[in-house]
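Input: a single structure, listed below in structure tokens.
The values are calculated or read from the model by the stated rules, or taken from the named source; none is laboratory data. Predicted model, so just to flag it, every value in this text is computed and none were measured. Note: ideal-geometry Cβ built from the backbone for every residue, glycine included; neighbour counts use all protein chains shown.
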Amino acid sequence: MTLEAVDYRSPNAAQDFVKSLRETGFGVLKNHPIRQQLVSDIYRSWQDFYNSAEKHTYRYNVGTQDGYFPPDVSETAKGHSKKDIKEYFHYYPWGQCPLQHKDQLTQYYEEANTLAEELLGWIEQHSPEEVASHYSQPLSGMIENSDQTLLRVLHYPPLQGDEELGAIRAGAHEDINLITILPAANEPGLQVKLKDGRWIDVPCDFGNLIVNIGDMLQEASGGYFPSTSHRVINPEGTDKTKSRISLPLFLHPRPDVVLSDRHTAGSYLHERLTELGVI
Ligand SMILES: O=C(O)CCC(=O)C(=O)O
Ligand SMILES: [Fe+2]
């Protein structure tokens, strides 16, 4: 079993893409409308940011979670004991951002949000009636004007050889939000866990866009769409000396959006962040 990239411009794109999401929790798109030049410009300018000491002046705000998270505070995935080998920056339109990077991130944030709304439309359109009847509102409406949607610029530094035994770039985890949109990173490493327990590589051809289901859509669809585990494995051989940059956009509904009988987006997020130990 491999993940096949779906051509965004093909007549069956919506159907094929949603089928892949249903079966694996992941869908991969090629020929999508997000400008690749913008993505590569962001990779380049953020490599400079991570190489500079300036990053330390943007340390994250504990209450609002925007800004730079250094390697020593990076997440420990649920059920893991070792911290991930990564540093990252949380960008929100209302949050801190270095001035010289603001235009690029603003543009990307908008383009990716627009595409996300369209893809949520595809998901809704291809949800069985019984599943869709439980959505409290159109899926694309859930993220409209949300100030919770988070763009994360991740940097996985070159391996130094002194990493903690068993530590990996990103331990197996599921995303908390509705869906995640992720341009193929500049280096491989992302893997997804299939139903049978096998880990497979997510195709990382430059220009692909990877979309995955998060826990909130799993919750809202009564489990029809699975929020699957994924991880980023460490590079080997000569790739060890390479940095990896990636740019997930985590689409979050407004906090008052009802996901299910049990949860609003706000109550769900709070529960999950408490488990993760970050609030
Ligand atoms: O870096 C990647 O390719 C994936 C990152 C990821 O899964 C996450 O930050 O939730
Ligand atoms: Fe993730």
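Return the total of residues in segment 141-173 being closer than 14 Å to Thr76 by Cα and either of a type outside the set (A, V, I, L, M, F, W, C) or within 11 Å of ligand 1 (Cβ to nearest atom) (or both).
7
Going by the structure shown, is Gly237 of a type outside the set (Ser, Thr, Tyr), more than 30 Å from Asn145 (Cα to Cα) and more than 11 Å from ligand 1 (Cβ to nearest atom)?
The answer is yes for Gly237.
So for segment 247-265 (the condition being under 19 Å from the mean Cα position of the chain (by Cα) and of a type in the set (Ser, Thr, Tyr)), does at least one residue qualify?
No, segment 247-265 has no match at all.
Does Val18 meet the test of being farther than 23 Å from His90 by Cβ and part of a helix (DSSP H, G or I)?
Yes; evaluated as a whole, the condition is true for this residue.
Those residues that are part of a loop (DSSP other than H, G, I, E, B), within 19 Å of Trp46 (Cβ to Cβ) and touching a Ser or Thr at 6+ places or on another chain (Cβ under 6 Å), I need them from segment 235-254; list them, please. Talk me through it step by step, then tell me what you get.
The first filter runs over segment 235-254 and keeps only residues part of a loop (DSSP other than H, G, I, E, B), leaving 235-236, 242-243, 247-248, 252-254.
Checking which are within 19 Å of Trp46 (Cβ to Cβ) leaves us with 235, 242-243, 247-248.
Across segment 235-254, the qualifying residue is only Pro248.
Looking only at segment 46-68, which residues are within 17 Å of Leu249 (Cβ to Cβ) and at pLDDT below 95?
The one that is within 17 Å of Leu249 (Cβ to Cβ) and at pLDDT below 95: Gln65.
Where residues in segment 79-120 are of a type in the set (Asp, Glu) and free of Cβ contacts under 8 Å to residues at least 12 places away in the same chain, which of them is nearest to His155 (Cα to Cα)?
Filtering segment 79-120 down to residues of a type in the set (Asp, Glu) leaves 84, 87, 103, 110-111, 117-118.
Keeping just the survivors that are free of Cβ contacts under 8 Å to residues at least 12 places away in the same chain gives 103, 110.
Details: Asp103: 20, Glu110: 22 Å.
Top of the filtered list is Asp103.
So which residues in segment 74-91 are surrounded by 20 or more Cβ atoms within 10 Å (Cβ to Cβ) and not in a loop (DSSP other than H, G, I, E, B)?
Scanning segment 74-91 gives Tyr88, Phe89, His90, Tyr91.
Among residues belonging to segment 255-272 that are in contact (Cβ under 8 Å) with a residue 60 or more places away in the chain and in a helix (DSSP H, G or I), point out the one that is surrounded by the most Cβ atoms within 10 Å (Cβ to Cβ).
Within segment 255-272, the match that is surrounded by the most Cβ atoms within 10 Å (Cβ to Cβ) is Ala265.
Just the residues that are surrounded by fewer than 18 Cβ atoms within 10 Å (Cβ to Cβ) and hydrophobic (A, V, I, L, M, F, W, C), please, taken from segment 92-118.
Trp94, Leu99
Tell me yes or no: at least one residue of segment 209-226 is assigned to a helix (DSSP H, G or I), of a type outside the set (Val, Ile, Thr), surrounded by fewer than 20 Cβ atoms within 10 Å (Cβ to Cβ) and at positive phi.
Among the residues of segment 209-226, not one is assigned to a helix (DSSP H, G or I), of a type outside the set (Val, Ile, Thr), surrounded by fewer than 20 Cβ atoms within 10 Å (Cβ to Cβ) and at positive phi, which makes the answer no.
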